[in-house]
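Undergrad: Before I ask anything, here is the structure I am working with.
The values are calculated or read from the model by the stated rules, or taken from the named source; none is laboratory data. Just so we're clear, the structure is a prediction, and the values are computed from it rather than from any experiment. Please note: Cβ atoms are built from the backbone with ideal geometry, for glycine as well, and neighbour counts cover all protein chains shown. Side chains included, ligands, DNA and RNA excluded: accessible areas come from the protein's heavy atoms. Shrake-Rupley method; radii C 1.70, N 1.55, O 1.52, S 1.80 Å.
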Amino acid sequence: MSRGKIKIETACWTSFNSVLVSFNKDWYSSRTPILIWRPENIEISDVKQRSPHLYGIDSGYYLTDNKIHFILYQNRYPGIDWKNNNVYVVGDFNDWSYHLAKSKWMLQSVKIDSKNYQRFSIDRNELRNDKTYRFKFITQSGRWLEIPSDTPNIITDKNGNTNYVIKFNKGGAHQFYITTPFSFYNGSKSEITLLNNESRQTVKIDPGTFLLDLESSVELGSIVDGNETIFRIFSPRAKTVTVSFFNNLNYPDFITLNLNRVENTIWEIIHPENLHGWYYYFQIDGHDNDTFSNFNSEFKILDPYALATVSPSGPGIIWDKKKLPTTSKKFQPPSWHDLIILEAHIRDLVKLAPIDLSDSDRLGFNGLKKWVETNGNYLTELGVNAVELQPIQEFDAEKPENYHWGYMTNNFFSPSSSYASDPENGSQIPEFKSLIESFHKKKLAVILDVVYNHVGEPNHLLFIDKYYNFEIAANGSLINWTGTGNTLRCSAPMIKKLIIDSLIHLIEVYDIDGFRFDLAEILGVEVLLEIEKALKQVKPSIILIAEPWSFRGHIALDLKSTGFAFWNDKYREFIKDYIMGNGNFEGISYFLEGSLKHLTSFPAQSINYVESHDDFCWIDKITENKDHNGNIPTPNDRRRSHLLIAVLMSSIGIPMISAGQDMLRSKRGVHNTYLRGDLNAIDYDRAINYSGTHEYFRKWIKFRSSTKGSVFRLTTKPTEKYFQMYGADNSSAIALEYNSDLSLPTNRLLFAINPGQRKISISIDDTEMKNYKQIADHERFDEQGLTGALINVKNNNLSLPAMSCGLWLEH
């Protein structure tokens, strides 16, 4: 045994009849440790040291006598093409140098016990035992490989960046497998005691990675099959599960049945009756003896797989899938590079819509459907071709009439009962379907904002299995990487299944065209890749967008190798500063060109925006008025908003605006309006009050969508000479020529902007301005060409007034 006091650090289940015991240092004694099973006081006879490479799967490295081995298990990263994408280890030992790593630190394919690994080995004497070495893995394509949150040697810096760390006293020889005298289901209160010459120590057995690896492929929920109804739920640590169902909400006559455990993790009962339209809930009892459990046999659980629910608390509504609405012809959304997205909330769009609607219609799906079907409605008049709806899945509004952004989800399958006219009878299903059909008839794609990083109250998943379903701290408390009090454990197989199953349901039943994933960093790249693969098999044209951050970290660069677009917060912050006169030439050229020089791998990967539902709206951010109140914008506020839409529509990528941004919508200086329907509702009169701005936005949107505007809508990375760029000394002003090399079969365009407070002259010697006509400035847009008050062009010098912009079309 090694010197110093040795003790158990953790003991966790690894199968239904085995536990992994980890010590605080490698065990070098020829004698195996003496371990006692408590409370039965049984000495464990079957104790075997774990193979060190298996520790490496969890920790990224393992140690042998003379070597340090860096290792990856290939199955953990299904999105990597291992044959054509090399992987390197970088860290403190090679100065975090990717180029140095390529010369030496490349992992090689190896087979261990018939499984495929990537491994790189060095002599132990190349590193000092008394130093701390952080490290991480990076692919040849520049993608940093995610580190699972339950990694035993993970460290996180103050910026939320995670790394592995080498612990020279723990290299794999510190772990032992034991065969247990009792099974996983009967041993939840069990403990392990270590007996040796130094101490007598007892630790509780943790559910461990075994629990987190449990999964099943069976169909879950309430399943109507002819004259039978099957109830199934995944709850691996439950002692008992019951289902109660009834057909009258006001006078419920409950029928309660005990479910049976099948497949070790699934509970099931078959009732010999078709229960379509009935109501139901589950109740689960389990071993609630520590902070890692939250079983309560009295709590009524809304089935995570319920297709409709009466309210956020339930009960669920049993729905025969054969009676779900169908789609005769699937809608084909615009190609990604053609998208122009408007982010909006159901009630914001309909509350003040200038048509005759009942008060109940103005609360949800039916009212918005009628507004969308109205000739000259806001969305079609503006000219966007996609609407990104804030969450519509069941969320935790206390009362149906209460305004709520919807980012506290209670059920992922049911359209919100708050937006339905008759939720007790499941009207949300046909009403939401009808709304989507109305959007599609107007040639508008529908993208849903979905929240799979946390859940709302009541937290039904907490009562099914707290440890399995949520990220848990060492003391058993819920980790709050989302700012909402809980964080879903998205890497757990059955949470991934729940996510993917519900997304596929939304596509197949409602013909949804895309999804924007809230706080997608919580899901992580590997889960996002699995989602991408599954959804593209169902709908190849699916639009996938990630909000690439959380309170834990940021994954925008990691998304570069995926098929996800992402909200580009760097664009958002820089463009705001630039329009305010605080940017620079290098930055504006980078973002106009689609962030392709660093952050993105294809032109439509960046979602370019400056305003969303969060935080201050655009006009309140930039207003010259005090207290961020842009309700009555100044002339400069309005001018800067015109410069903004010109930049947004001229940027390579996917532009997104927020509902009302075209009419200078203000939230009157309120930063967070998630419960303020009065401030968020679109005041359509502002389109009249600021008709010039509204029209300016419309014309830029229309032009970007036109054949001539295709120079902004690239399908592939541009050629080296696609852009011709011009600037001026000591100025952020820019003139940028698109399609300079005529690599596209359309006209060249020249866009110029000067956000500063003084006139700027830009020399454009390589562009023959005599071949161009000006079609826009900061107030006007006319594809036929502006007449009068043109920006001065003399001897190929472009003279841009302060706070101005222009667009020229080659003729």
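Undergrad: In segment 63-75, what residues are surrounded by fewer than 13 Cβ atoms within 10 Å (Cβ to Cβ) and either touching a residue at least 60 places away in the same chain (Cβ under 8 Å) or touching a strand residue (DSSP E or B) at 6+ places or on another chain (Cβ under 8 Å) (or both)?
TA: Within segment 63-75, N66, N75 qualify.
Undergrad: While we're on this one: Taking only segment 763-811 into account, find how many residues are within 18 Å of Y738 (Cα to Cα), touching an Asp or Glu at 6+ places or on another chain (Cβ under 8 Å), modelled with pLDDT of 90 or more and among the hydroxyl-bearing types (S, T, Y).
TA: Residues that pass the stated criteria total 1.
Undergrad: Identify, by number, the condition in (1) farther than 17 Å from F168 by Cα; (2) at pLDDT 95 or above; (3) not in a strand (DSSP E or B) that L100 doesn't meet.
TA: Status for L100: all satisfied but (2).
Undergrad: Restricting attention to segment 595-621, which residues are surrounded by 22 or more Cβ atoms within 10 Å (Cβ to Cβ) and more than 30 Å from I542 (Cα to Cα)?
TA: I619, D620
Undergrad: Please state which of the following conditions E401 fails to meet, knowing it meets all the rest: (1) acidic (D, E); (2) in a loop (DSSP other than H, G, I, E, B); (3) under 28 Å from N296 (Cβ atoms).
TA: (3)
Undergrad: Sort out which residues of segment 584-623 are farther than 23 Å from Q757 by Cβ and of a type in the set (S, T, N, Q), and write them in order of number.
TA: S595, T600, S601, Q605, S606, N608, S612
Undergrad: Out of the residues in segment 399-449 that are charged (D, E, K, R) and more than 30 Å from D338 (Cα to Cα), state the one that is least open to solvent (accessible area, probe 1.4 Å).
TA: Once the filter is applied, the top-ranked residue is D422.
Undergrad: Answer with yes or no whether S141 is in contact (Cβ under 8 Å) with a residue 24 or more places away in the chain, open to solvent by 60 Å² or more (accessible area, probe 1.4 Å) and within 22 Å of G553 (Cα to Cα).
TA: For S141, the condition - in contact (Cβ under 8 Å) with a residue 24 or more places away in the chain, open to solvent by 60 Å² or more (accessible area, probe 1.4 Å) and within 22 Å of G553 (Cα to Cα) - is met.
Undergrad: Hey, another quick one. Which residues, taken from segment 24-62, are among the aromatic types (F, W, Y) and either touching a strand residue (DSSP E or B) at 6+ places or on another chain (Cβ under 6 Å) or assigned to a helix (DSSP H, G or I) (or both)?
TA: Y55, Y61, Y62
Undergrad: If I filter segment 234-263 down to residues being of a type in the set (K, R) and under 15 Å from N296 (Cα atoms), which single residue comes out as most open to solvent (accessible area, probe 1.4 Å)?
TA: Across segment 234-263, the extreme among qualifying residues is K239.
Undergrad: Test D81 against the stated conditions and say whether it is open to solvent by 50 Å² or more (accessible area, probe 1.4 Å), assigned to a loop (DSSP other than H, G, I, E, B), in contact (Cβ under 8 Å) with a residue 12 or more places away in the chain and of a type in the set (D, E).
TA: When the stated conditions are applied, D81 does not pass them.
Undergrad: Something else: Just wondering, is there one or more residues in segment 714-729 that are surrounded by fewer than 17 Cβ atoms within 10 Å (Cβ to Cβ) and within 23 Å of M580 (Cβ to Cβ)?
TA: Yes - at least one qualifying residue is present in segment 714-729.
Undergrad: Quick one: which of S45, S51 is farther than 29 Å from Y164 by Cβ and open to solvent by 40 Å² or more (accessible area, probe 1.4 Å)?
TA: Within the list S45, S51, the selection yields S45.
Undergrad: Looking at (1) under 21 Å from G524 (Cα atoms); (2) out of contact with any strand residue (DSSP E or B) (no Cβ under 7 Å at 6 or more places or on another chain); (3) open to solvent by less than 20 Å² (accessible area, probe 1.4 Å), which is the only condition F470 fails?
TA: Condition not satisfied by F470: (2).
Undergrad: When you scan segment 196-227, how many residues do you find that are in a strand (DSSP E or B) and at negative phi?
TA: 10
Undergrad: Same structure again: In segment 772-811, how many residues are outside any loop (DSSP other than H, G, I, E, B), open to solvent by less than 30 Å² (accessible area, probe 1.4 Å) and either of a type in the set (V, I, T) or closer than 20 Å to I645 by Cβ (or both)?
TA: Of the residues in segment 772-811, 12 are outside any loop (DSSP other than H, G, I, E, B), open to solvent by less than 30 Å² (accessible area, probe 1.4 Å) and either of a type in the set (V, I, T) or closer than 20 Å to I645 by Cβ (or both).
Undergrad: Just to be sure, is Y452 of a type outside the set (A, V, I, L, M, F, W, C) and either closer than 16 Å to S313 by Cα or outside any loop (DSSP other than H, G, I, E, B) (or both)?
TA: Criteria not met by Y452.
Undergrad: To continue, here is another question. Please work out which one of (1) within 30 Å of I632 (Cβ to Cβ); (2) buried (at least 22 other Cβ atoms within 10 Å of the Cβ) is the condition A735 fails and give its number.
TA: (1)
Undergrad: Is it fair to say K25 is open to solvent by 50 Å² or more (accessible area, probe 1.4 Å) and either within 24 Å of N163 (Cβ to Cβ) or within 43 Å of the chain's Cα centre (by Cα) (or both)?
TA: No: the conditions fail for K25.
Undergrad: In segment 86-125, what residues are of a type in the set (G, A, S) and under 33 Å from the mean Cα position of the chain (by Cα)?
TA: Residues satisfying the conditions are G91, S97, A101, S109.
Undergrad: Using the structure shown, decide if E532 is surrounded by fewer than 23 Cβ atoms within 10 Å (Cβ to Cβ), among the charged types (D, E, K, R) and modelled with pLDDT of 95 or more.
TA: It is true that E532 is surrounded by fewer than 23 Cβ atoms within 10 Å (Cβ to Cβ), among the charged types (D, E, K, R) and modelled with pLDDT of 95 or more.
Undergrad: Among K721, K717, which is the only one that is more than 24 Å from T623 (Cα to Cα) and touching a helix residue (DSSP H, G or I) at 6+ places or on another chain (Cβ under 7 Å)?
TA: Testing whether each residue is more than 24 Å from T623 (Cα to Cα) and touching a helix residue (DSSP H, G or I) at 6+ places or on another chain (Cβ under 7 Å) leaves just K717.
Undergrad: Separate question: Looking only at segment 756-779, which residues are touching a residue at least 12 places away in the same chain (Cβ under 8 Å) and more than 17 Å from M725 (Cα to Cα)?
TA: Listed by number, the residues that qualify are G756, Q757, R758, K759, N771, K773, Q774, I775, A776, D777, H778, E779.
Undergrad: Please indicate, with yes or no, whether at least one residue in segment 34-49 is aromatic (F, W, Y) and modelled with pLDDT of 95 or more.
TA: no
Undergrad: Right, next: For segment 443-477, name all the residues that are among the aliphatic types (A, V, I, L, M) and in contact with an Asp or Glu (Cβ under 7 Å, 6 or more places away or on another chain).
TA: Answer for segment 443-477, where residues must be among the aliphatic types (A, V, I, L, M) and in contact with an Asp or Glu (Cβ under 7 Å, 6 or more places away or on another chain): A445, V446, I447, V450, V451.
Undergrad: Something else: Which condition number does I543 fail, the rest of (1) in contact with a Cys (Cβ under 8 Å, 6 or more places away or on another chain); (2) over 24 Å from I479 (Cα atoms) being met?
TA: Tallying (1) in contact with a Cys (Cβ under 8 Å, 6 or more places away or on another chain); (2) over 24 Å from I479 (Cα atoms), I543 fails exactly one: (1).
Undergrad: Keeping to segment 111-120, report how many residues are farther than 19 Å from L145 by Cα and surrounded by 15 or more Cβ atoms within 10 Å (Cβ to Cβ).
TA: 1
Undergrad: While we're looking at this one, here's another question. I147: of a type in the set (V, I, T), open to solvent by less than 30 Å² (accessible area, probe 1.4 Å) and either more than 24 Å from T10 (Cβ to Cβ) or not in a loop (DSSP other than H, G, I, E, B) (or both), yes or no?
TA: no
Residue-wise test of (1) modelled with pLDDT of 95 or more; (2) more than 28 Å from the chain's Cα centre (by Cα); (3) of a type in the set (A, V, I, L, M); (4) more than 20 Å from I588 (Cβ to Cβ).
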site: K667; (1), (2), (3), (4): yes, no, no, yes
site: A681; (1), (2), (3), (4): yes, no, yes, yes
site: A687; (1), (2), (3), (4): yes, yes, yes, yes
site: Y690; (1), (2), (3), (4): yes, yes, no, yes
site: K702; (1), (2), (3), (4): yes, yes, no, yes
site: S706; (1), (2), (3), (4): yes, yes, no, yes
site: K717; (1), (2), (3), (4): yes, no, no, no
site: Y722; (1), (2), (3), (4): yes, yes, no, no
site: N730; (1), (2), (3), (4): no, yes, no, no
